[in-house]
Structure formats: structure tokens, C-alpha cells
1. Report the gain in length on full extension from D185 to Q84: 0.36 nm times residue separation, minus Cα-Cα distance, nm rounded to one decimal.
2. With a ≥ b ≥ c the root eigenvalues of the C-alpha gyration tensor of region 34-136, is it rounded (a/c under 1.5), prolate (a/b larger than b/c) or oblate?
3. Looking at the chain as a GNM with Cα springs under 10 Å, which of R282, R199, R104 has the largest mean-square fluctuation?
4. Using DSSP H assignments, which helices in the chain have an axial alpha-carbon span of 15 Å or above and a mean Kyte-Doolittle hydropathy of -1.0 or higher?
5. Show that you can apply the helix-only estimate: for the chain, add -39,500 (n - 2.57) for every DSSP H stretch of four or more residues, divide by all residues, and state [θ] at 222 nm to the nearest 500.
6. Normalised by the empirical 2.2 N^0.38 Å for globular proteins, what value does the Cα Rg of the chain take?
7. Quick check on packing: order 92-100, 200-208, 119-127 by the mean number of other C-beta atoms within 10 Å, highest mean leading.
8. With springs only between Cα atoms under 10 Å apart, run a GNM on the chain and tell me which of Q17, Q170, Q223 wobbles the most.
Amino acid sequence: MTDNIDSLRAENERLRQRLDVLESRIQLVVEATNDGLWDWDLTTDETFFSRRWKDILGYAEDDLESNSGAFFELVHPDDRAKIQAVLTAHLERRVPYVVDFRMRAKNGSWREILARGQATWDAQGKPLRMAGVHTDVTEHRRREREQLRNEALIAIQRETINALGVPILQIWRGILCLPILGDVDDARGAKITHELLERVAESAIRFAIIDLTGAEFHTETVQHLARMTRALGLIGAQGVFCGISPKVAMTLVDAGVEFDEVSTYRDLGDALRACLLRLRAREAGLSPGTTNEGARR
């Protein structure tokens, strides 16, 4: 008899140690996931909220009661009906319980929560228990909204730029200015080049100042600038660049685009003064090389 009791005690001790190891592993997994655990006895309405579950909302261990009412009290009033609908669908039709909602933190702010859970049922289909996790997705959703706002602003900017068309301005006799604003893709680059060449050809233009102050080019599209200046030379005009930002300059360098024969200037004022000097020199029958351009870089 004594041997049997000792054997049972030893077996119980081994089982207890294995249970302790298993609980330690589960705790490590829970802490690693950074999610809050919850467990709900549907027959007694008793609930368990893990320490991380409460930490997400800023509550201490003893701040909340252990029942479903404590949970629903913290849910945003506008989200309670949604949770109830998803919960009912899960318990009655076993539809997966996945729902997002807002919960009030201890400091009064609202945290955005993604909840997932799973119930168990008895042989007659009566739900007995439900457990799951809460994931704090507040920062993730904030970044998503910020990205959507940025994308919307970019779309509005592109629509506005496209609505403006190609604003080619004649700022002096024989001198055009083409301010390029915003992002330039292949389609827009081709359109700008075509309309600039058409305007230069029909107006006997000598200089086309291409103002890149507000432009954004990519490595794949900067070749339009090289094509533009070469085409201008073939129809008797000269392309001049101004307002090249450091970012666009690096893009040009990375793309291997060279403008050895094209003048570049800090801003539109410098470019216009240089073009006027060249025009006057031509009208006076002087070589452009004898003028003092001053502002040329």
C-alpha cells in the first residue's frame, strides 16, 4: 500500500512539474505576442482578463470587475451593436469571431482593438465558454489613415496639376518659361515635351527656360529632360534650366544624364538675365561668349 501511495505521489509530482513547464511556455508565448488574453465562462458570466489585456488600456490588476459587463462598459457606444452582432453570429452559427472596435482607456483616450475569439459548445450545441485575444491596433490604424490622407493629397495634387495643363509662359520677346510642378511620369513628361516644342516652333522662340523648382523626377523619367533639350536645339532654340533641387540633381546624376552644353541657373531671375544678355548680344551682332552672364553656375 505504501509503495502505491509513494508511486502516486511521484506521478503527481511529475505531472505538476510538466504542468508548470507548460504554463511557463504558454506565458512566454503570450508575452511574446504582446496581445491581451480573455476568457469568458458563458454559464456564469465570469471573465478573466490577462495583465496585458488591462495594460493595453492602462488599468491596474484590480481596477476592473471580472464579468462581461466590465468589458462592454469600456466599449465605445457606437461599436457595441457591432460586437453583439458578431458575437451572436459566432455563438449561434459558429461564424468566426473577428471584430474591431474602440475601447476607453483609463486616461480617457480611445484605443482601437482587434478582437479574435473561439467558443466551445456542449453536445446539444449550447455555448459553454469563449476565449480569445485583444490586439492593440491603434498605431497601425493611425498610420493607415495617415497614408490614406497622404495618398488623397497626392491624388488631388496630380489632378490639380493635370487640370493646369502645361503652363508655358512667354516672359519676354523670344523667351519662354516652362515651370514644371509636381511629379513627372512618362505620360506627363511626353506631353510637356510635345507642347513645349510645338509652342517654340510656332513662336520663333530663342530660349526656353525650364524651371524645375517644384518638379519631382524619377530615375526612369529624367531622360525626358535630355530629350527635351536636344529637341529644342534641333528646332533652333536653346533650353536653359533653373531651380534644380538637390534631390533632382542627384536623380540626374544617378541616371547618368549629362547637360554639358546646357546652361543651369540658381533661379528664374538668374536664368532670365542670362537669356536677355544673350539676346542683346545676338541683336548687336556679338558672340554670346563675350557677354558677362554673371549668375551662371
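1. 31.5 nm
2. prolate
3. Result for the chain, Cα springs under 10 Å: R282 fluctuates most.
4. TM-like helix candidates: 2-33, 80-93, 186-203, 223-234, 268-283.
5. Helix-only estimate at 222 nm: -16000 deg cm²/dmol.
6. Rounded to two decimals, the normalised Rg is 1.87.
7. Highest to lowest by the protection proxy: 200-208, 92-100, 119-127.
8. Judging by the Gaussian network model, the answer is Q17.
Every read-out reported here was derived from the displayed coordinates using simple, explicitly stated rules and does not represent laboratory data. Note that the structure is a prediction, hence the values are computed from the model and not measured. Backbone-built Cβ (ideal geometry, glycine too); neighbour counts: all protein chains shown.
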